[in-house]
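Heads up, the thing below is written out as structure tokens.
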Amino acid sequence: MLEKVIKDAVKDGKCSFGSKEVINSMKNTKLVVLSHSVPERMLQKIQEAAKNLKVPTLNYNSSSVELGRLCGTQFRISAVSLKALSDTNLKTIIKELETEKQE
């Protein structure tokens with residue numbers, strides 16, 4: 001589900017790539033996806049900004065190389081903010097992640 005949502009957002013231009021871009025576009029964001037490769041200090045900044053604006057963050061269980069590939073680029077992407085996401089899709093993704101954590 002997450003992969004499809006990210007691909008759709010990239011295709012429609014409804015996302016931002018990179019840690020700094022994600023922080024700058026946080027106000028209009030529905031969900032932030034973070035790879036394992038985000039440096040600790042930047043991770044804290046992103047999570048703090050997301051918490052202040054009540055934007056859910058999601059840890060993508062792979063590297064920035066994989067996240068970049070998923071976004072259709074040949075570059076590493078450590079963070080992606082999704083601006084267009086239906087509440088239904090958002091709830092489904094969060095529920096899927098909670099299920100994965102419990103397994």
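What follows is calculated from the coordinates using simple rules that are stated; it is not laboratory data. Not measured: the values here are computed from a predicted model. With ideal geometry, Cβ positions are generated from the backbone for all residues, glycine too; neighbour counts draw on all protein chains shown.
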For region 2-102, averaging the sequence separation of alpha carbon pairs under 8 Å that lie six or more residues apart and dividing by its residue count, the contact order in percent is 39 percent
Of all DSSP beta bridges having both residues in the chain, the percent classed as antiparallel (nearest 5) is 70 percent
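Once every DSSP H run of n ≥ 4 in the chain is given -39500 (n - 2.57) and the sum is divided by its residues, what mean residue ellipticity at 222 nm do you get, rounded to the nearest 500 deg cm²/dmol? Provide the component values of the computation, followed by the final result.
Values: 5 runs with 53 residues, N = 103.
After summing the helix terms and dividing by the residues of the chain, the value is -15500 deg cm²/dmol.
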To the nearest 20 debye, the chain has a Cα-centred charge dipole, built from +1 on Lys and Arg Cβ and -1 on Asp and Glu Cβ, of 360 debye
Each label sits 7 Å from Cα toward the beta-carbon; between Arg76 and Lys51 the label points are separated, in nm, by 2.6 nm
A convex hull over the alpha carbons of the chain yields, per residue, a volume in Å³ of 94 Å³
For the chain, the charge dipole (Cβ of Lys, Arg +1; Cβ of Asp, Glu -1; about the Cα centre) points to a positive end, and the Cα of Ser25, Cys71, Met42 closest to that extreme belongs to Ser25
Listed with the fewest Cβ neighbours within 10 Å leading, Arg76, Arg41 appear as Arg41, Arg76
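FRET efficiency for Lys91 and Lys20, Cβ-Cβ distance as r, R0 = 25 Å, nearest 0.05?
On the way: r = 29 Å, r/R0 = 1.14.
The value I calculate is 0.30.
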The residues Glu21, Glu48, sorted from fewest to most surrounding Cβ atoms within 10 Å, come out as Glu48, Glu21
